[in-house]
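Below: one structure, written as structure tokens.
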Amino acid sequence: MSQASTTRRTEGVRVQGRSARVVDAVLKATAEQLGLVGYAALRIEDVALRSGVNKTTIYRRWPTKHELVHAMLRDSGYRIEIPDTGTLRSDIVALLHAITESLSSPVGRGFTRIVQAERAHPEVDSLVRGMRSENMSLRRVIFERAVARGEIPEGSDSELLVELMVSPLVSRIVHAGGEADEHFLRALTEMVVTGARAGAARR
């Protein structure tokens, strides 16, 4: 079964009652187990034991470990909703705050450690690339809206602007182990907005 078909079953549909409890228990157990043992050593049998859910039930919904961890990351808020505040500046501020919160969460910190330690693992690399691609597609929207509103010039490279917005934040929190305070987030916002308005990101 393809990842896309699994995604259709587990996203965009509000599950009710027992099904919702099963999904919540399994994804919570997956996050906890992943934080304890990492990706390579993660076993669905251990997730089943920790969650109290039958192993066959887990395999029925998520046939592979890759699909299970991907669903957990989506459910955990690691993929962030994109703000629509009406202006580019306030959109960026809101998004940077949300990314900071996500990276600083237990799931965010755990996944970051796994990425740093196990990026060479093909499935971890696939997860990272997949999440990056999804997040990039979502985050580009705030710059595309800014072009439509006339805040930044036509032809601005939205992918480049997303990288300029997010990379310093990830570097500070993930690579340097520091904190992103309000001053840092505001300064980063001003640099991105000023550069974008000046046309520095035009293709």
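Readers should treat all values here as calculations from the given coordinates under stated rules, not as data from a laboratory. Keep in mind that what you see is a predicted model, and the values were worked out from it rather than measured. Cβ atoms come from the backbone with ideal geometry, glycine included; neighbour counts cover every protein chain shown.
Quick notes on this structure:
- The range 149-170-the range 58-114 distance, computed between alpha-carbon centres (Å): 20
- Net lengthening on full extension, Arg186/Ala20 (0.36 nm per residue, minus Cα-Cα): 55.9 nm
- Placed amide H near Arg202: partners under 5 Å, 5+ positions off or other chain: Asp157
- Cα-based Rg and Dmax for the chain, where Dmax is the largest Cα-Cα distance (Å): 18.8, 57
- Chain lengthening between His97 and Glu159 when straightened (0.36 nm per residue, less Cα-Cα): 20.4 nm
- Fewest-first sequence of His121, His175 by Cβ atoms within 10 Å of each Cβ: His175, His121
- Among Met191, Met165, Met72, the largest mean-square fluctuation in a Gaussian network model of the chain, built with springs joining Cα atoms closer than 10 Å, belongs to Met191.
- Cα pair distances exceeding 22 angstrom across the range 88-197, given as percent: 35
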